[in-house]
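For reference, the structure is listed below as structure tokens.
Nothing in this text is a laboratory measurement; each read-out follows from the coordinates by a stated rule. Everything numeric in this text was worked out from a predicted model, so none of it was measured. Neighbour counts are summed over all protein chains in view; Cβ atoms, including those assigned to glycine, are modelled from backbone coordinates with ideal geometry.
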Amino acid sequence: MSRRENSYGRSAGFSSLRRRNILVVSGGQKSEPQYFSGLKLTRGARIRVRCKVDSPLNLVRHAEKVWNQYREEFDTAWCVVDVDNFDISSAVRLAASKNINLAVSDPCFEVWLLLHFADHCGHIADYRAARNLLARHVPGYDKKLNYAAFAPGLDDAIARAKALPPGNPSTGVWRLVEAALNR
């Protein structure tokens with residue numbers, strides 16, 4: 001049976017058979033790469049993570065450079081950014097003009113991780129507060145993670161993140177995860 005035929009011998013559209021290759025540029029050097037590496041390994045997603053500690057605007061600039069350099073390898077480029085204390089409006093505008101997707105978490109990526117275990121809609125002051133909330137579910141959490149602890153709650157995290165209104169707390173990481181899983 002050819003690659004473009006299904007089990008009934010009928011042709012299938014190429015795009016329905018092919019996983020998307022995704023470039024992820026992250027502002028975090030620990031949690032984000034560990035999470036997306038685990039997602040890639042357990043779910044078969046095609047993700048390559050590059051890290052650079054910098055402002056959201058500079059991350060978008062960096063993603064543009066990397067994506068332009070390796071454009072033939074990737075279908076889409078994403079920046080995973082934390083709001084923290086940044087004004088991300090310039091990053092949002094630049095990303096839109098360069099066709100780079102943003103997965104913004106307010107205040108930080110740990111909001112996404114927390115949603116794997118529980119709903120949370122109350123304001124989160126900063127990374128430290130988010131880490132403390134997450135540590136209730138993942139004792140000792142401090143930027144190191146084992147994706148296997150988060151995998152069972154992935155669908156719940158997506159639903160919870162979609163239900164959050166814009167602002168603090170919120171996260172757009174669910175859009176990247178759905179894109180990686182071809183949902």
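Summary table
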{"quantity": "Gained length - V92 relative to A118, 0.36 nm times residue gap less alpha-carbon distance", "calculated": "6.5 nm"}
{"quantity": "Percent of C-alpha pairs per 5 Å bin, the chain, short to long", "calculated": "1, 8, 17, 20, 20, 15, 9, 5, 3, 2, 1, 0"}
{"quantity": "Contour excess over end-to-end distance, with Cα ends at N99 and R128 and 0.36 nm allotted per residue", "calculated": "7.2 nm"}
{"quantity": "Calculated FRET value between R136 and Q29, using beta carbons and R₀ = 30 Å, to 0.05", "calculated": "0.80"}
{"quantity": "Length gained when the stretch E72-R43 is fully extended (0.36 nm per residue, less Cα-Cα span)", "calculated": "8.1 nm"}
{"quantity": "Whole-number percent relative contact order across the range 14-180, with pairs defined as alpha carbons under 8 Å at least 6 apart", "calculated": "25"}
{"quantity": "Under-19-angstrom lysine pairs by C-alpha in the range 17-105, whenever the two are 8 or more apart or on separate chains", "calculated": "5"}
